[in-house]
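The block underneath contains the structure these notes are about, expressed in structure tokens.
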Amino acid sequence: MGSLLEIVDLEKRFELHILNEKEIDALHDVSFDVKEGEILALTGKSGSGKSTLMKCIYRTYLTTSGRMIYRDGQGAVIDLASATEHEVLRIRRTEMTYCSQFLQVIPRVPAIDVVASGLVARGRSIEEARRATSVCFERLSLPAELWDAYPSVFSGGEQQRVNIARAMISRPRFLLVDEPTASLDITTKDAVIDMLLELKLAGTSIILISHDEHTLRRMSDRSLHLENGRLKEAVVYA
Amino acid sequence: MNNNWLLRVRNLTKIYGEATPGVLERTGPKFDTNICSRTGAVVAVNGISFDLYPGEVLGVVGESGSGKSTLVQMLYFDQEVTAGEVNFKPIEDGNVNLFELSNQKKRYVRNHLMGMVYQNPRDGLNFRFTSGGNIAEKLLMANVFNVGKIRIRGADLLTKTEVPIQRMDESPARFSGGMQQRVQIAKAIANNPPLLLLDEVTSGLDVSVQAKVLDLIRGLQQDLGVSMIVVSHDLGVIRMLTDRTMVLKHGQIVEQGLTDQILQDPQHGYTQLLVSSLL
Amino acid sequence: MIENLKFQHSFNYAYIDEFTKKEIRRKTLKAVCIPGYQVPYSSPEMPISRGWGTGGLHLTLSLVGPDDVLKVIDQGSDASVNACNLRLFIKEMSNCAVTFDTAEATLIQTRHRVPEEILTEKQILVLQVPQPEVLRGVERHEAKTRIMHGEADYAKIWVTLYEAYVRSGTLRNGAGHPIMVNGRYVATPSPIPSWDVPNLNKARCLYLFGAGREKRIHCIPPFTRVEPLEFEDIRFKVEEFVGVRCSTSGQDKAFMDQVYADDLSSSYVINDSNFLDKLRKGPRPPQKLFTNPE
């Protein structure tokens, strides 16, 4: 299988101009690649740079130097580190989604529409999108009375399920998930893992951040360990 | 891909006072002023360029006096430009500079192809007309000379913007600030323009009313797929509405990028200050 | 002793000095060339106050000659004080003939009415105009109204018609319904009733509009297209006098005044005094009648 994403010498440094030009080195010499259809896990202690790396790939963070060569669905090659904003927006709209650790949603939108809007943006009708969302919510056992409520009032676990549903609903080609199973009970955890594995079977490549041994064991094909912003060893879970 | 833009802006510049050579080089964030040290001329907008794509929402953020309102007012022909070019796809497939059009043609662009919502409803609405009359004005500008159609469209727009239809034949002078803003939005979208300009639309409103107006704008954007330029000093508004953001200071772009990147990984010291002031 | 020549000489022919008359005629020609466009002019002092017909007087005096036959009407009547004074003044200053007969007159000065009888290419109708700027009600600033005319930006005047309809169910909003002249300029016909507006369209005579206080002349040349502003679905209509007959002549199909008696009973009388006289004496003079759309 070819690589979907090839990261070469990635560096990320934060320059804080308002704190006396303080600099924070976040990522160093990070090079690896993601094969099409694999689940690559990022492990490491809190603060080791896992989420920073993921946000760099999603372009929420700008990289300081290095390249991130991405091969899109049409076979075009794009360096995510230097692509124009419109190119990144197009990739985000059509094939790459990001599921952050904490749900960040536009206020005053019901849970079902938070998720359905991802499908509507890809050209599906709102009714169709809501139907697909309902199916997804059921599998994640999100109580039906919450579907029309605002996620900002949900518990951590409920928010997490909305978050995952939102990232998965459009069946992206490339999925970035940050701690998808934290704050979930074991049954829901397995439901989430099953759904992610189904996506993988359908061809989705996934980068996964998790601290949870169970999740890692069930899901990851390969894992990379980060320590102080540097890659350590790669572990292969068979 | 690179030719898909709806609006292309190049080197847009506005100088109040004498446009002497070197005035642009002597002002800007580097000098921490937009006033020329030699002539006293004020450089409100200094060489701004950007592309806006169909359906895209672009945020323009900056403090008072950064030139953000002047920028959209120039695009809406409310203010004369000192220099610069704007191309707009619906006009000659984008091959002509809007500022070189005749005044009559500019009015056509304004009335048929753009909508503007001002911070102060008095700038966008005529309080001597009813709210229905205000919407009618925009439709009449686009040559809809049929009262029945005007009434239906007016009621439709007011419903969409959640203004009670019973108040269609009342002057907006008697409305609350939030409702005036809704009438202004209804008027702005009356002709289904491909481009909507929003200048600090929620600034004068209570927080709860602000939220409703923002929800309305977001809903309309999703339903109509209209491109928008959203000017605000409020990063909360920018976060909620926009895909991409430009940060202005002293008339220049100090930073631009995806909105989530501007908010989470601001590069310029000024943006970092703005973001850190948010919470 | 200083000789004051000004008061030793009698007035110039037709009161206004020749240079100023020439100026007014030049501006009138310009107005004829650009139908509906308001041409600024000098508006010299007159022995009556501005706002009392000076604009009409300027036009009449700049045109009148000893061979002219003059008629002056005020609100349809030849006999009102204003009409009598102006007629006498113009006659004294120009030695022209005067008449009440609409058909006989070569030059007619009028206020707030167009005669019922059809005017011919041998006749000029001069209307006294209080406010020539049709956009003044929606835009206070002269500089802006000029730009609006320049760009044919008439949406605001259309909104006033829309609002009149919403308020009262009719487009009629007092006298002086706005007209589109020759498909280009929106103008005011001066405060004539809607009844008279269709008579401006493709008329054989020349219509001149003089606003002395506002110093503007505008014009509708003969055979010019004049359309009252109306919507596709809400059409312009003239006043209707349904089931009403003139109490003096017993006739109908003319613009009527409602006259109240001491006992508060009311009756109708045809407003155009010469037209009424002719109806009472003989055959009905030629008239152009407008049929309201359904």
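Assorted remarks:
- Remark on segment B:1-160: Rg and Dmax equal 18.5, 59 Å (Cα only).
- Over segment C:137-294, the alpha carbon radius of gyration divided by the compact-protein estimate 2.2 N^0.38 Å works out to 1.19.
- Pairwise label distance in nanometres, C:Lys144 with A:Arg171, each label 7 Å out on the Cα-Cβ vector: 5.8 nm
- Between helix A:186-201 and chain A: long-axis angle, C-alpha atoms, 0 to 90°, nearest 10: 70 degrees
- Taking Cα centre as origin and charging only the Cβ of basic (Lys, Arg, +1) and acidic (Asp, Glu, -1) residues, the dipole magnitude of chain B rounds to 700 debye.
- Convex hull volume per residue, computed on the Cα atoms of segment B:112-201, equals 80 Å³.
- Gain on full extension, evaluated as 0.36 nm per residue between C:Ser265 and C:Arg284 minus their Cα-Cα distance, stands at 4.0 nm.
- Residue mean of other protein chain beta carbons inside 10 Å, C:152-158: 5
- Sites A:Gln74 and B:His112 - FRET efficiency at Förster radius 41 Å, r taken between beta-carbons, to 0.05: 0.70
- If you plug the beta carbon distance of C:Leu88 and C:Glu151 into 1/(1 + (r/R0)^6) with R0 = 45 Å, you get a FRET efficiency near 0.50.
- A dipole drawn for segment A:114-199 from +1 and -1 charges on Cβ atoms has a positive end, and of A:Ala191, A:Ala132, A:Trp147 the residue lying farthest that way is A:Ala132.
- Average other protein chain Cβ within 10 Å of Cβ, residues B:124-130: 3
- Across every direction, the projection of the convex hull enclosing the Cα atoms of chain B has a mean area of 15.3 nm².
- Taken as Cα centroids, segment A:139-191 and segment C:163-212 sit 68 Å apart, rounded to the nearest whole angstrom.
- Interchain or long-range residues, amide H under 5 Å from B:Thr33's placed H: B:Gly28
- Residues of segment C:107-129 with an amide N closer than 14 Å to a point placed 7 Å from the Cα of C:Val69 along the Cα-to-Cβ direction: C:107-108, C:119-124.
- Dividing the Cα radius of gyration of chain C by 2.2 N^0.38 Å, with N the residue count, gives 1.04.
- Local electrostatic count, A:Ser141, Cβ distance below 13 Å [Lys/Arg +1, Asp/Glu -1]: -3
- Evaluated at q = 0.22, 0.28 Å⁻¹, the base-10 log of the normalised Debye intensity for segment B:1-49, with identical point scatterers placed on the Cα atoms, takes the values -0.70, -1.02.
- Label-to-label distance, nm, for residues given as C:Arg204 and A:Asp194 (7 Å Cα→Cβ offset): 9.6 nm
- Computed as a quarter of the hull surface, the mean projected area of the alpha carbon convex hull for the protein assembly as shown stands at 49.1 nm².
- Förster radius 25 Å - calculated FRET efficiency between B:Asn143 and B:Asp215, Cβ distance, rounded to 0.05: 0.15
- The fraction of all Cα pairs in segment A:1-87 landing in successive 10 Å bins from 0 to the largest distance is 16, 46, 29, 8, 1, given as whole percents.
- One compactness figure for chain A is 1.01, namely its Cα radius of gyration divided by 2.2 N^0.38 Å.
- Filter on C:Lys21/C:Lys202; B:Lys30/B:Lys68; B:Lys187/C:Lys144 - keep pairs with C-alpha separation over 26 Å: C:Lys21/C:Lys202
- Each of C:Asn173, C:Ala155, C:Ala79 was scored by the projection of its Cα onto the charge dipole of chain C, and the greatest displacement toward the positive side belongs to C:Ala155; charges sit on the C-beta of Lys, Arg, Asp and Glu.
- Chain C: antiparallel DSSP beta bridges as a percent of all, rounded to 5: 55 percent
- Computed lengthening from C:Arg26 to C:Arg184, 0.36 nm per intervening residue step minus Cα-Cα distance: 54.7 nm
- With the helix formula -39500 (n - 2.57) applied to DSSP H stretches of n ≥ 4, chain C reaches a computed 222 nm mean residue ellipticity of -8000 deg cm²/dmol.
- Kirkwood estimate for segment A:190-234, i.e. one over the average of 1/r between Cα atoms, Å: 11.6 Å
- Net charge of Cβ neighbours under 15 Å - reference C:Arg136; Lys, Arg +1; Asp, Glu -1: +3
- For the residue pairs B:Lys249/C:Lys156; B:Lys105/C:Lys237; B:Lys89/B:Lys149, alpha carbon separations beyond 32 Å are given by B:Lys249/C:Lys156; B:Lys105/C:Lys237.
- Cross-link reach list, lysines versus A:Lys22, counting only Cα pairs under 16 Å and skipping chain neighbours closer than eight places: A:Lys12
- DSSP-defined antiparallel bridges as percent of all bridges, chain B, nearest 5: 55 percent
- The C-alpha atoms of segment A:113-208 occupy a region whose extents along the principal axes are 33, 30, 18 Å, arranged from largest to smallest.
- Crossing angle, helix B:147-160 versus chain B [Cα axis fit, 0-90 degrees, rounded to tens]: 60 degrees
- In terms of its Cα atoms, segment C:39-90 spans 31, 27, 20 Å along the principal axes, sorted from long to short.
- Check: segment B:1-92 dipole with +1 on Lys, Arg Cβ and -1 on Asp, Glu Cβ, in debye: 160 debye
- Gyration tensor verdict on segment C:231-294 (Cα atoms; rounded if a/c is under 1.5, prolate if a/b is larger than b/c, oblate otherwise): oblate
- Residues of segment B:245-279 whose accessible area (probe 1.4 Å, heavy atoms of protein chains only) drops by at least 10 Å² once all protein chains are present, relative to their chain alone: B:Gln256, B:Gly257, B:Leu258, B:Asp260, B:Gln261, B:Gln264, B:Asp265, B:Gln267, B:Gly269, B:Gln272, B:Leu273, B:Ser276.
- Percent antiparallel among DSSP beta bridges (both partners in segment A:150-238, rounded to 5): 45 percent
- Ordering B:Ile150, B:Gln180, B:Leu220 by the projection of their Cα atoms onto the charge dipole of segment B:81-233, which places +1 on the Cβ of Lys and Arg and -1 on the Cβ of Asp and Glu, puts B:Ile150 at the extreme positive end.
- Coil-residue GluC sites (Glu not before Pro) of segment B:63-133, DSSP, other Cβ within 10 Å capped at 10: B:Glu80
- In this simple spin-label model, placing a label point 7 Å from the Cα along the Cα-to-Cβ direction at both C:Tyr13 and C:Ile34 gives a separation of 3.1 nm.
- Relative to the dominant Cα principal axis of chain B, helix B:207-224 is inclined by about 80°.
- Our estimate of slack between A:Ile186 and A:Glu227, defined as 0.36 nm per intervening residue step minus the Cα-Cα distance, is 11.9 nm.
- Kirkwood's formula applied to the C-alpha pairs of segment C:1-146 gives a hydrodynamic radius of 16.6 angstrom.
- Only Lys, Arg (+1) and Asp, Glu (-1) charged, at Cβ; chain C dipole about Cα centre in debye: 640 debye
The values are calculated or read from the model by the stated rules, or taken from the named source; none is laboratory data. What you see is a predicted model, and the numbers here were worked out from it, not measured in a lab. All Cβ positions, glycine included, derive from the backbone under ideal geometry; neighbour counts span all protein chains shown. Side chains are part of the model used for accessible areas, which takes the heavy atoms of the whole protein and leaves out ligands, DNA and RNA. Shrake-Rupley method; radii C 1.70, N 1.55, O 1.52, S 1.80 Å.
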